[in-house]
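Below is one structure, written out as structure tokens; comments come after it.
The values are calculated or read from the model by the stated rules, or taken from the named source; none is laboratory data. Computed from a prediction, not measured in an experiment: that's the story for all the values here. Neighbour counts run over all protein chains shown; Cβ positions are idealised from the backbone, glycine included. To get the accessible areas, we keep the full protein, side chains included, count just its heavy atoms, and leave off ligands, DNA and RNA. Shrake-Rupley method; radii C 1.70, N 1.55, O 1.52, S 1.80 Å.
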Amino acid sequence: MKIFTISELIGTMKQFPLLQKVSPVEAVKSLTFFKDVPEAVLQEIVDGIFIHQYAKDEIISRHGRYNEWLYVVLSGEISVFIITPDYTKLELYALGPEDFFGEDIVIRNEPRESTAIAFTDSILLAIGKQELTKIIASSAATYEKLNNAFLQRKMRNNLRSIPIFTHLREEVFNEILDVVRLVHVKKGDVIFKQGDVGDALFLIRKGDVSVYRAMNKNEELISLLAEGNFFGEMALVLGEPRNATVIANDDCELLKIDKNDFDSIIARHVDVYNTIQAVALERVTGHELFDSNEAFISKKLIELNRAINKHIDVIAQCTFETPKGSALLATLPGSRYPYVYPRDSACATRMLYRIAMSRLRSKDIAFRLLAGIAKFIYNCQRDDGYWGQRYGLDAADKSIYKQEDNVAHGVSILCRYLLAAKNRGHIPHDNEAYIEAIYKGAMFAVKRYYRNEIHLFYSTTSIHESAIEEGYSIWVNYAYYCMLLLIEQVAKEFNCETKFEKAFVLKEGFGTIVKNVFTIGDRLIRRLKPDGEADLRPDITLMSPFFFGTGIVPDIFKADEIFINTMKFLEDTLWDPDLGMLQRYLPFIEDPNTHVHAGNGPWVQYTAMLAQYYYFTGNVEKGDTIMDIIDSYSTDGYLCEHLTTPDRFHEFMTLEWLPGSDVNKEFAPDIMVDGITYDLIVEELNHMKNSYDQIKRRIETGSVRYLTFAIPLMWSHAEYAMALLLKTWRQLQDTGVKQHIL
Ligand code: CMP
């Protein structure tokens, strides 16, 4: 994206049709958008109006963000879309020259609900909030124009977000849009009573409601309904009085369609009728003995779903659809890391898999994402079964570092996809190809990394991109243990046990071996060096038995005394004294083997894993305290990768970056893949230099308590969501819920 002011542009681009007139005010005045704005006001604000030039496919504004511009299209075509509840991108409208968008910046102070991308190369006029506020104060007609557009677009967005209308044909959708009204109800409001005449259908856009029925003189709670659900359909479809009372549990936004309009639409559109009737019939025959335990579960699941959706949404935003599957990027498309990392993807699928297997509403979304990610990862695998550190959007290998855990991650992702598919009762048509890929991956790892002498997997690096981990690490070995457990389940579910016999021989006793080998004294250790010496330094990978032992079904992790001691050691040593949260290992500046990474500090994804551990083991209060600290570092709901302080950054700059020792560590020949091309190193160095220059500027602008890197990091959101899931799982366990619902 390029930015100019109007005056700059006029000076240099006289040939541009809009800008042939000489003065900047004359130039903007020619746009109909400014038709009703007094010239004196235009004069006052014109230097605060910018020209933004976007290339095709660039993202102009993103949902979830508080954007600061209203745009008027000068040339090109803009597509505005939402990510629907089933996580497909749905175009809401297309805009061309003279159209505007982004009016929500002055109408209300909430994050954007839709995303705008340049469908072709485009040039836009960008007006800031301050300037726009002056414009609407001076011109009631402009305010009305913006307000009307806002209301219309919001309604379109609202209605498309209700699943039964998401994929409706545009002409039917438009008919419904014409008759629907947005109504606000307050917490505790009775929306209608049992026995009333049914005069409208209600769709829930925001909030949740309770459905009560009078039974044996008591009002019994029979259902809780939340966003995306509808109610009041039974009286309309079955021609009976309201069969229940509906009360708002919070302040809700509802979409209301009056009976006459509803009748006229269903009379003409049988598909709409059929969908609604099917739900009505299901509710007639559905069980209604909604005891207090079930109501509690239902409420918990609604709340969890809401909280988790925000994070799944970030994951969906980081997903880039390609012909080879869904490329799950480490950060948002267009930011620093345009790569897919099998390790990060595997961590995300650990969470998506659990959700896909649950009773949560977002299980379908989670499964769709899981399937897309698995397809992409499948396409990244090399013929001999290998997966490396990272891949480009075309699934080409872009690895810099050797990381021997990635084969375990690749296999685990494919296994999770197959298991979730089977659990949902559908066997993917390409399951044999996936099983073959799993087999090839497992055999590659056994042949290349497994050392029969010691019964462990050997690696040069593991989770940290530096040379401190050569040998037999707890992370890599638990990653393979998890892989073997998942393969075992796949083999059973897909009847191919004989194919995996060799892998099973290995699995026999492997769990005991890893547990014993990595225990020294009363705690775990992170690594055995190649010569057998124990690496006693603290490291977040000490959480591996928990991390890999959960997120499979059934969880095999048990918090024994050794593990509890280990976690105590981990927290005592790695808790950041200034910022809170967990550091990944102890840094030693100028230690040739320890990589400090722009200033040491806490890492969000690992801290969220710590919260998961506390939730899982029943210490909900401690889990909450940790999650609160993470929340305190979120920006507009986005979580970063890691943080540092300005002082530590400064020390890193003077002791590591400027003398070149950081570069020597980052690109030490021992940890790089063989035959790495020079351009990849230069690209990475450039990214680093740019990001450090940006940080320096940020520090210079004023008092900054902490610095964040890589925001949002998809992985951090995945671990945070998993923590939320484990919290609810635990709370439901404590109420004695028998069914496996999470
Ligand atoms: P209606 O009969 O028009 O008004 C009461 C509404 O409560 C009804 O339509 C349904 O939308 C809703 N309702 C009734 N029974 C159930 C149920 N078992 N589960 C969920 N919703 C229900």
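Tabulated data
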{"quantity": "GluC sites (Glu not before Pro) restricted to DSSP loop in region 405-462 with at most 16 other C-beta within 10 Å", "calculated": "GLU453"}
{"quantity": "P(r), alpha carbons of region 396-443 - 5 Å bins starting at zero, rounded %", "calculated": "5, 20, 25, 20, 16, 8, 5, 2"}
{"quantity": "Probe 1.4 Å, protein heavy atoms only - accessible area per residue of the chain in square angstrom", "calculated": "42"}
{"quantity": "Label point distance in nm, GLU432-ARG65, each placed 7 Å from Cα along Cα→Cβ", "calculated": "4.7"}
{"quantity": "Long-range HN-HN contacts of ASP208 with modeled amide H, under 5 Å", "calculated": "ASN249, ASP250"}
{"quantity": "Long-range amide H partners of SER23 with built H, under 5 Å", "calculated": "none"}
{"quantity": "For region 161-175 and region 215-262, distance of Cα centres in Å", "calculated": "21"}
{"quantity": "Candidate lysines for bridging to LYS299, where Cα separation is under 27 Å - those fewer than 8 sequence places away on the same chain excluded", "calculated": "LYS186, LYS187, LYS193, LYS206, LYS217, LYS256, LYS310, LYS363, LYS622, LYS727, LYS738"}
{"quantity": "Dipole of region 139-254, positive end: most advanced residue of SER161, ALA214, PHE150 [Cβ charges, Cα centre]", "calculated": "PHE150"}
{"quantity": "Region 428-507 - percent relative contact order, Cα under 8 Å, separation 6 or more", "calculated": "21"}
{"quantity": "Given charges at Cβ of Lys, Arg, Asp, Glu: the chain dipole, positive-most of SER335, GLN731, ILE127", "calculated": "GLN731"}
{"quantity": "Estimated FRET transfer efficiency when R0 is 56 angstrom, pair GLN152-THR573 (beta carbons, to 0.05)", "calculated": "0.45"}
{"quantity": "Surrounding net charge for SER75, when Lys and Arg each add one and Asp and Glu each subtract one, Cβ distance under 11 Å", "calculated": "-3"}
{"quantity": "Convex hull of the chain built on C-alpha atoms - directionally averaged projected area, nm²", "calculated": "35.8"}
{"quantity": "Extension gain (nm, one decimal) between ARG697 and VAL183, 0.36 nm per residue minus Cα-Cα", "calculated": "180.3 nm"}
{"quantity": "At R0 = 35 Å, FRET efficiency that the Cβ-Cβ distance of LYS299 and SER335 yields, to 0.05", "calculated": "0.40"}
{"quantity": "Total charge dipole magnitude, region 368-421, about the Cα centre, Cβ charges on Lys, Arg, Asp, Glu only, Debye to nearest 20", "calculated": "240"}
{"quantity": "Among THR550, THR594, LEU579 the positive-end extreme of the charge dipole of region 545-617 (Cβ point charges)", "calculated": "THR550"}
{"quantity": "Three-way shape call for region 147-247 based on the alpha-carbon gyration tensor, with the a/c threshold at 1.5", "calculated": "prolate"}
{"quantity": "Qualifying trypsin sites (Lys or Arg not before Pro) in region 179-242, DSSP loop, other Cβ atoms within 10 Å at most 16", "calculated": "LYS186, LYS187, LYS193, LYS217"}
{"quantity": "In region 105-166, the trypsin sites (Lys or Arg not before Pro) that fall in loop regions by DSSP, at most 15 other Cβ within 10 Å", "calculated": "ARG108"}
{"quantity": "Value of D in µm² per second that Stokes-Einstein yields for region 174-310, Kirkwood Rh from Cα pairs, at 4 °C (1.567 mPa s)", "calculated": "83"}
{"quantity": "Charged-residue dipole, Cβ positions (Lys, Arg, Asp, Glu), the chain about Cα centre, Debye nearest 20", "calculated": "940"}
{"quantity": "TYR450 long-range amide H proximity, modeled H, under 5 Å", "calculated": "TYR458"}
{"quantity": "For region 265-370: rounded, prolate or oblate by the Cα gyration tensor [a/c cutoff 1.5]", "calculated": "oblate"}
{"quantity": "Charge tally in the Cβ shell below 12 Å around ASP430, where Lys, Arg are +1 and Asp, Glu are -1, ASP430 excluded", "calculated": "-1"}
{"quantity": "Listed pairs LYS447/LYS507; LYS129/LYS696; LYS300/LYS422; LYS129/LYS689 exceeding 23 Å between Cα atoms", "calculated": "LYS129/LYS696; LYS300/LYS422; LYS129/LYS689"}
{"quantity": "³J(HN,Hα), Karplus 6.51/-1.76/1.60, whole Hz, each residue of region 638-649, x for Gly, Pro", "calculated": "9, 9, 9, 7, 9, 10, 8, 9, x, 5, 5, 4"}
{"quantity": "Student exercise, region 433-545 dipole from Lys, Arg, Asp, Glu Cβ charges, in Debye to nearest 20", "calculated": "120"}
{"quantity": "Probe 1.4 Å - accessible area at LEU177, Å² to nearest ten", "calculated": "40"}
{"quantity": "The chain, relative contact order [Cα under 8 Å, separation at least 6], %", "calculated": "9"}
{"quantity": "Rough spin-label spacing in nm, given labels placed 7 Å along Cα→Cβ, for ASP263 and ASP636", "calculated": "4.8"}
{"quantity": "Calculated [θ] (222 nm, deg cm²/dmol) that DSSP helices of n ≥ 4 give over the chain, each run adding -39,500 (n - 2.57)", "calculated": "-14000 deg cm²/dmol"}
{"quantity": "Contact order normalised by residue count of region 610-702, Cα under 8 Å, 6+ apart, percent", "calculated": "13"}
{"quantity": "Helix runs (DSSP H) in the chain reaching 20 Å along axis by Cα, Kyte-Doolittle at least 0.5", "calculated": "363-380, 406-423, 474-493"}
{"quantity": "Local electrostatic count, GLN194, Cβ distance below 12 Å [Lys/Arg +1, Asp/Glu -1]", "calculated": "-1"}
